[in-house]
Amino acid sequence: MSGHSKWSSIKHKKAAVDAKRGKVFTKIVRELTVAAKIGGGDPDANPRLRLAVDKAKSVNMPHDNMKKAIQKGTGELPGVSYDEIIYEGYGPAGVAVYMETLTDNRNRTVGELRNILSKHNGSLGESGSVAWIFEKCGYILVDKKTTGEDNLMGIALDAGATDMKNEPGEDSFEIITEPEDFENVKRALEEASIEITMAEITMLPKNYIKIDEPKKAAQMTKLMDTLEDHDDIQNVYANFDIPDELLQG
């Protein structure tokens, strides 16, 4: 992981958890159901559902699984009703932790998250306590081997991207968009036959807390792993920066 940026390091940890096939299927099924319930079952007319379908395809979820999850959301099949709830808190060293959940039992979820944070030297916060640290945006990664910087920048900016980063030592270009411009930028790249490594609506930290104490670094990475492994959490974001050598350890 040498040379990886703060955000890429966090995404690396997330990818390791998402490799657990059954766990990620459960999370995607919930997202498909909720997205279909809110915006309808047609991915072409429902951007949130389209993103969920893309993610399902990226992990090779069977079509039948996707179809049933969507039908539960539209009411064509019976299913569980999920509430979307944001939880906020703190990890070791005062790191801000922002958790997006889909739950069928609010009391169970808040109790379990409070317990997880407490066990890892953190705490659950009030609503709004850390949300201001994060900014909702579109985030796209493109492998540097697939296109040149000037070509990619021209296409991305023309389509509405707000920024593009080329960090030294990174394998990918990072493209940032406003949430409402995400689909346009993604489509423009696809139409230009540019291969996209990752594309999602996410929450990017506006600032980072550097953790270079081994004990706190271990606590923070363990906390992220535990939260990401929780069934009710769809996404978890935190504003920490840990040196590569401690992440490797």
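Taking (1) within 25 Å of THR226 (Cβ to Cβ); (2) touching a Phe, Trp or Tyr at 6+ places or on another chain (Cβ under 7 Å) in turn, GLY138 satisfies each apart from (1). Summed over region 170-209, the residues that are open to solvent by 40 Å² or more (accessible area, probe 1.4 Å) and in contact with a Pro (Cβ under 8 Å, 6 or more places away or on another chain) give a count of 1.
Filtered by the rule that a residue be exposed (fewer than 14 other Cβ atoms within 10 Å of the Cβ) and in contact with a strand residue (DSSP E or B) (Cβ under 9 Å, 6 or more places away or on another chain), region 39-81 gives a lone residue, SER58. Against the condition under 16 Å from the mean Cα position of the chain (by Cα) and farther than 16 Å from VAL97 by Cβ, how does GLY138 come out, does it pass? Yes; evaluated as a whole, the condition is true for this residue.
Taking into account only those residues within region 152-168 that are in a helix (DSSP H, G or I) and either among the hydrophobic types (A, V, I, L, M, F, W, C) or in contact with a strand residue (DSSP E or B) (Cβ under 6 Å, 6 or more places away or on another chain) (or both), which is surrounded by the fewest Cβ atoms within 10 Å (Cβ to Cβ)?
Residues of region 152-168 that are in a helix (DSSP H, G or I), as a first pass: 152-159.
Narrowing further to those that are either among the hydrophobic types (A, V, I, L, M, F, W, C) or in contact with a strand residue (DSSP E or B) (Cβ under 6 Å, 6 or more places away or on another chain) (or both): 152-153, 155-157, 159.
Values: LEU152: 22, MET153: 17, ILE155: 20, ALA156: 25, LEU157: 15, ALA159: 20.
Only one residue tops the list, namely LEU157.
Taking region 82-107 only, how many residues are out of contact with any helix residue (DSSP H, G or I) (no Cβ under 8 Å at 6 or more places or on another chain) and either basic (Lys, Arg) or open to solvent by less than 30 Å² (accessible area, probe 1.4 Å) (or both)?
Taking region 82-107 first, the residues out of contact with any helix residue (DSSP H, G or I) (no Cβ under 8 Å at 6 or more places or on another chain) are 94, 100, 104-107.
Restricting the remaining residues to those that are either basic (Lys, Arg) or open to solvent by less than 30 Å² (accessible area, probe 1.4 Å) (or both) gives 106.
Qualifying residue count for the region: 1.
The values are calculated or read from the model by the stated rules, or taken from the named source; none is laboratory data. Note that the coordinates shown come from a computational prediction; the quantities given were computed from them, not determined experimentally. So basically every Cβ, Gly included, is an ideal-geometry build from the backbone, and we count neighbours across all protein chains shown. With ligands, DNA and RNA removed, areas are computed over all heavy atoms of the protein, side chains included. Shrake-Rupley method; radii C 1.70, N 1.55, O 1.52, S 1.80 Å.
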